[in-house]
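See structure below.
Values quoted throughout were computed directly from the atomic coordinates according to the rules given, and no laboratory measurement underlies them. Predicted model, so just to flag it, every value in this text is computed and none were measured. Here the Cβ positions follow ideal geometry from the backbone for every residue, glycine too, while neighbour counts run over all protein chains shown.
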Amino acid sequence: MLCVICMVLGIIVSVAGQPHARASDLYYTDITPVNDDTRYTALNPDVVLNEMNKVKHSKGNIVFTSGERTSGDRLIVNHYDDDNFASALDVEVLMSYPAGTSTGVTLTCIEVYVDMTADDSGGYLSKGGIGQTNVEILLTSNLTRSFVYETFIYGY
Ligand SMILES: *[C@@H]1O[C@H](CO)[C@@H](O)[C@H](O)[C@H]1NC(C)=O
């Protein structure tokens, strides 16, 4: 019995030793259908969107990046979501790190892998970014029947 308690405590302590390694530090919306009145740029007309670097690997398969891996950084956020729609829709996802108060982590690299039935997708930073302690990421795709993405955020 004591052994089990020790093990449990050991696990809690080792998890607590990496306070920034939780995906719960990320706020994210569902993959949300939008129209011209509800898309992010309509609701935030003054926002300045910074396009992420974009590499198209094949039809409907895109990698967005910002920054680069730096010695001493580590994975801060890994988040995956997917959805399918009965008809082709315009969709958006908004992610924000951290979800709450500052974690003190300086961001070094952001990678988002996107896959969808549509040909194209947009990946933008709408707040914060590399070298800062916060970021807001907007993903968009028009007339798509599916949307799958996985986000990796690194920092130190
Ligand atoms: C989606 O459509 C909107 C409105 O026409 C346009 O502003 C936006 O650039 C499009 N996004 C993509 C990724 O093509």
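Key figures
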item	result
Rounded to whole Hz, the Karplus (6.51, -1.76, 1.60) HN-Hα couplings of segment 78-85, x for glycine and proline	10, 9, 10, 8, 8, 7, 10, 10
Those GluC sites (Glu not before Pro) in segment 61-120 that DSSP places in a loop and that have at most 15 other beta carbons within 10 Å	Glu68
17 Å cut-off, amide nitrogen to a point 7 angstrom out along Phe85 Cα→Cβ, residues in segment 33-73	33-43, 60-61
Mean Cβ neighbour count within 10 Å, used as a protection proxy, ranking 56-62, 76-82, 119-125, 41-47 highest first	119-125, 76-82, 56-62, 41-47
Net charge contributed by nearby residues that have their C-beta within less than 12 Å of Lys54 (K/R +1, D/E -1)	-2
Hz values of 3J(HN,Hα) by residue in segment 51-56 - Karplus curve (6.51, -1.76, 1.60), Gly and Pro given as x	5, 6, 4, 10, 10, 8
Förster radius 22 Å - calculated FRET efficiency between Ser102 and Leu75 (Cβ-Cβ, nearest 0.05)	0.75
Virtual spin-label span in nm between Asp46 and Leu94, 7 Å along Cα→Cβ	1.5
Vicinal HN-Hα couplings computed from phi for segment 33-41 (Karplus, 6.51 cos²θ - 1.76 cosθ + 1.60; Hz; Gly/Pro x)	x, 10, 10, 5, 8, 10, 5, 3, 5
